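Contents: one structure, followed by commentary.
The values are calculated or read from the model by the stated rules, or taken from the named source; none is laboratory data. These numbers were taken from a predicted model, which means no experiment stands behind them. Here the Cβ is made from the backbone with ideal geometry for all residues, glycine too, and neighbour counts use every protein chain on show. Ligands, DNA and RNA are stripped out before the accessible areas are found, and what is left, the full protein with its side chains, is counted by its heavy atoms. Shrake-Rupley method; radii C 1.70, N 1.55, O 1.52, S 1.80 Å.
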Amino acid sequence: MSATFLGIPPFPEAAHEAVNDSRLRHNLRKATHTIRDKRASVVTELEDDWERLRSEGAAIKNHTLRHLDHYLEQLEASVERAGGHVHWAADAAEANAIVTRLVQATGETDVVKVKSMATQEIELNNALAEAGITAYETDLAELIVQLGDDLPSHILVPAIHLGRSQIREIFLDQMAEWGVPAPAGLTDDPRALAEAARVHLRERFLRTRTAISGANFAVADSGTLVVLESEGNGRMCLTLPETLISVVGIEKIVPTWADLEVFMQTLPRSSTGERMNPYTSTWTGVTPGDGPQEFHLVLLDNGRTDVLADTVGRQALRCIRCSACLNTCPVYERTGGHAYGSVYPGPIGAILTPQLRGMSSEVDEALPYASSLCGACYEVCPVAIDIPEVLVHLREEVAAGPGHLGEKAMMKGAEAVFGSSRALDAAQRAAGAARNLVPRHLPGMAGAWTDTRDLPDVPAESFRQWWNKHEKGQS
Amino acid sequence: MSTSRERVLARVRAALTDVPADEPVVRPVERPYADSHGMGDALEVLEDRLRDYKALVRRVPADRLAQEVADALERRGAKAVAVPDGIDADWFARTGAERRPDSRDRPLELRELDRVDGVVTACAVAIAETGTIVLDGGPDQGRRAITLVPDYHLCVVRAEQVVDGVPEAVRQLDPAQPLTWISGPSATSDIELNRVEGVHGPRTLEVLLVDPA
Ligand code: SF4
């Protein structure tokens, strides 16, 4: 539980280590390719409608962001009308203090948690621990990560970097300390491991009276919060406890209930490649006699308004955290999530994290370079975030800042990922293939680089074709 | 508290100076996307999707429903089942299984829910294209907890409750009610991406799809 991203080296170094870890690379490759293929097939199934849903999703989110003050106030009024309480947190410290106070008011020292990136971002578990409150992660992967005192490495499959035998060892070593122990003869069969987790967690669900969650969406006109999940641990946390505290980034708002028509189609398909995730729960304030009888919504800024202020970078706030961009990213596939040194890994992490935190550290300055600008992330994004555009924009900012890393950083990043001999070639070819998305002359510091090395003409083949060939050539 | 509220709102407004003051806050509803994707007969598509999620499915004529409920509980070996107290009593005319009624006013204890052999409910709407069954907490569906804690959920879906796609379902649902969308049994893919059914929710979902008599 003490694990934190602080102290993780900047992307080039972290990536270099990760690329040399063959087990990690194997797991990542298998996972990202499996999800990627599933996604492609369920997206294709919707034919032309996919693009309409995608642009509608982008339009809804853009509209919401452009009137965020209005929708925040509307959401607040709707939630309170339905019997919930709304709290505002300008930063992580405030959010942690609010949640700690709310938990203390219940008199409980144990809380169950639904996987939530907002609470990871503010490092809520650590803050609660300091106040003597233990937060139990209940998502299977998060449980694995928590028991192993590790960090999540993927938005969707946080334990993607661990193999089944490692998971077995973690369960055998750690479960007893946290509650119901793992059965003595535990094998590394995924079924047996899942059963051990079921037994371990069920006991906890049945007796814990306070839960903490995030939300995928917050509907302004109805005051409804929405959580999509697979395992049912979310339903457990959202249903059984008496008090529910949800920490939700201010960008999670959609204006109307009807808007969910769009996202309930695009999010599951983009995320796990399923037509629909196994469970979705919605709740609007409190329902007497059903579910938590006390509900608190903590609205979190923590840098989001800084992102909002940047008219190019603002689009990053459209993100619905589906993780499709991670699964399609050639850089992520080789490095895994830890290398990004942030709760938000992969292409979205490379643009969101430095904007949320402000590019004041070496880690954050390196992130906009953690990409080949190939454009695959934009292609799959269900809300059409032009990640390459934002990357280039942020590189320009890094370059304009004092003590920038510039070309050296970029080449170090590319080298770490692609191997030194191919680094330049790969970066150039990839950038060329995405020329619809990237100006021919990159602005700022990167522009100086393109002055002496022309971006090649767009090859006849698509990036994907190129990448597939490139992949075959080396494995 | 109110100071943070004002601070966040002020920051939001300051960040949006590029947005013209007269830009309308309300978006015209256009819905350029389709309500359904022509995947075939809704009942057949639903059945196919449910099987895909490894749910058990049976198409049953309305006049055989009581027998099918009895058979399903028998196959499962379910001796005691939780039921929402507004459920149609006729469905249970042929089963010997004991019913434990639950309601918002008189809820079953959690530990008792954990011990029953299953739960039987109706649904609010079902979505064919995604194989989704939606519960809205109505009198024949009950509290959220009763379909969550037991390991077996037998759900009765009437043909007229089935819609093609997500948009129609969303329009029919009332956001004021607590909703649970179920698309197959609980599942995880967290361990080396192997799909394992059932970590927390019911591991077996059985659906009786009732054709009009
Ligand atoms: S940026 Fe787009 S593709 Fe990536 S996680 Fe967010 S919504 Fe998904």
- May I ask you to list pairs of residues, at least six apart or on different chains, whose Cβ atoms are under 8 Å apart, with the first in segment A:308-331 being over 21 Å from A:His393 (Cα atoms) and within 13 Å of chain B (Cβ to nearest Cβ) and the second being part of a loop (DSSP other than H, G, I, E, B) and within 10 Å of the ligand (Cβ to nearest atom)? A:Ser323/A:Ile155; A:Ser323/A:Leu156
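Condition (residue is open to solvent by less than 30 Å² (accessible area, probe 1.4 Å), among the aliphatic types (A, V, I, L, M), assigned to a loop (DSSP other than H, G, I, E, B) and at negative phi) applied to segment A:203-212: is it met by at least one residue? Write out each step before concluding.
Keep residues of segment A:203-212 that are open to solvent by less than 30 Å² (accessible area, probe 1.4 Å), which gives A:204-206, A:208, A:210-212.
The next check asks that each one be among the aliphatic types (A, V, I, L, M); those that pass are A:206, A:211-212.
Next, from what is left, pick out any that are assigned to a loop (DSSP other than H, G, I, E, B): none.
For segment A:203-212, residues open to solvent by less than 30 Å² (accessible area, probe 1.4 Å), among the aliphatic types (A, V, I, L, M), assigned to a loop (DSSP other than H, G, I, E, B) and at negative phi: absent.
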- Within segment A:246-261, can one find any residue that is open to solvent by less than 10 Å² (accessible area, probe 1.4 Å), of a type outside the set (Phe, Trp, Tyr), within 8 Å of chain B (Cβ to nearest Cβ) and under 21 Å from A:Gly291 (Cα atoms)? no
- Note on the structure: Reported set for segment A:347-368 where residues are closer than 17 Å to A:Asp301 by Cα and of a type in the set (D, E, K, R) is A:Arg357
- Of B:Val210, B:Val134, B:Val196, B:Val156, the only residue that is within 7 Å of chain A (Cβ to nearest Cβ), in contact with a strand residue (DSSP E or B) (Cβ under 6 Å, 6 or more places away or on another chain) and part of a strand (DSSP E or B) is B:Val196
- Among the residues listed as A:Ser371, A:Ser360, the single one being away from the ligand (no atom under 15 Å from the Cβ), open to solvent by 10 Å² or more (accessible area, probe 1.4 Å) and among the small types (Gly, Ala, Ser): A:Ser360
- Query: Of all residues in segment B:100-120 being touching a residue at least 40 places away in the same chain (Cβ under 8 Å) and closer than 18 Å to B:Ala78 by Cα, which is most open to solvent (accessible area, probe 1.4 Å)?
  - Reply: B:Asp117
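Here's the yes/no breakdown for (1) more than 18 Å from A:Leu244 (Cα to Cα); (2) part of a helix (DSSP H, G or I); (3) in contact with a strand residue (DSSP E or B) (Cβ under 6 Å, 6 or more places away or on another chain):
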{"position": "A:Asp69", "(1), (2), (3)": "yes, yes, no"}
{"position": "A:Ala77", "(1), (2), (3)": "yes, yes, no"}
{"position": "A:Ile98", "(1), (2), (3)": "no, yes, yes"}
{"position": "A:Ala135", "(1), (2), (3)": "no, no, yes"}
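Looking at segment A:271-286, can you tell me whether even one residue there is of a type in the set (Gly, Ala, Ser), touching a Pro at 6+ places or on another chain (Cβ under 9 Å), under 29 Å from A:Lys38 (Cβ atoms) and within 16 Å of the ligand (Cβ to nearest atom)? Please lay out each step first, then the result.
If we filter segment A:271-286 for residues that are of a type in the set (Gly, Ala, Ser), which is where we start, we get A:271, A:273, A:281, A:285.
This time we only want the ones that are touching a Pro at 6+ places or on another chain (Cβ under 9 Å), so: A:271, A:281.
Those left that are additionally under 29 Å from A:Lys38 (Cβ atoms): A:271, A:281.
Then keep just the ones that are within 16 Å of the ligand (Cβ to nearest atom); that gives A:271.
Checking segment A:271-286: at least one residue is of a type in the set (Gly, Ala, Ser), touching a Pro at 6+ places or on another chain (Cβ under 9 Å), under 29 Å from A:Lys38 (Cβ atoms) and within 16 Å of the ligand (Cβ to nearest atom).
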